[in-house]
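Values in this text are rule-based calculations from the coordinates and carry no lab data. Quantities reported herein were computed from a predicted structural model and do not represent experimental measurements. Here the Cβ positions follow ideal geometry from the backbone for every residue, glycine too, while neighbour counts run over all protein chains shown.
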Amino acid sequence: MEQQHDAAQARPVGARGSLRSATFEATTSCFSLMDLEFVILDVNTAFSEATGLAPEELIGRQAFEVFPENPQQSDDAPARTMRQSLERVIATGERDDLHIHRYDIPHPTQPGTFVERYWSPVNIPVLDDDGVLVAILQQVEDVTDYREDLVKVLGYLQEEPTGTSAEGARRFTTYAATAMAHSSLYHSAQREVAQLQEALTRRAVIDQAKGILMGRHHCTSEEAFNQLRKLSNDTNVPLRDVASALIYQASVPPSPDGAAQEQGPA
């Protein structure tokens, strides 16, 4: 009876292990498993297809030997950046995200040449039953085709705003979210979109407040911004909150005695 119980216990474990193996192979995300010396232990089909190398060309080899740096990209030190990420996983036991990382790969059919590639890598610790780090699972997404969209997003945020439309900011946020979602960045995309939305909303509020000050004081955009920033510094209140308060104040019609009317329920 005890032997039958042990066998029953073993069956789910084996089934679970088989299911994990099947999932690793079936997923469209690119995965490679490395030991702590960065020797490749296993890869899934998606990883093999993305790199143009068969599993037998990858497994058992040191990752940085299989994927040497493109000499034309050596100033960017992509291999060093990747190695530092992997070493942080070993040092901390925590996952490490590189977001968007250019790492060119050898051309699969033209020795000595490289293919330009942009990736979204996540390096994940693999622990044994005792909680000891034994390997690193690397998930990468090829985002080369979507890099132009991402550059547009970053370029927009770096430009001096020319309008004050919150609706325009919302439309652009929607565009950014769509572009990033299509790039399959998963967790990285969610963070980036949240940051974009916050930045765009903050910019729209500040732009609207600047417009109010420019109309009141007949000043330039820069002068209006300096007024907001000075008020923020003097009151130790975040710039966005100062701008929001100014917008609210401007939206409340004055009462006959000059004070703002108290707002009742809608």
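Report the calculated FRET efficiency for GLU37 and ASP145 (r = Cβ-Cβ distance, R0 = 22 Å), to the nearest 0.05. Don't jump to the answer; show the numbers that get you there.
Values: r = 33 Å, r/R0 = 1.49.
Rounded to the nearest 0.05, the efficiency is 0.10.
Take ASP234, ASP241 and order them by how many other Cβ atoms sit within 10 Å, fewest up front. Intermediate results must be reported in sequence, preceding the final value.
Details: ASP234 9, ASP241 12.
Fewest-to-most ranking of ASP234, ASP241: ASP234, ASP241.
What residues qualify as long-range amide H neighbours of VAL115, i.e. H under 5 Å apart, gap of 5 or more or another chain, H built at 1.01 Å from N?
ILE105, HIS107
Can you list residues from other chains, or at least 5 along the same chain, whose modelled amide H is less than 5 Å from the amide H of ARG102?
The list, which skips near neighbours in sequence, is TRP119.
Ranking HIS218, HIS101, HIS107 by Cβ neighbours within 10 Å, fewest first, what do you get? Before the final figure, lay out the partial values.
Details: HIS218 8, HIS101 18, HIS107 12.
With the fewest neighbours first, HIS218, HIS101, HIS107 line up as HIS218, HIS107, HIS101.
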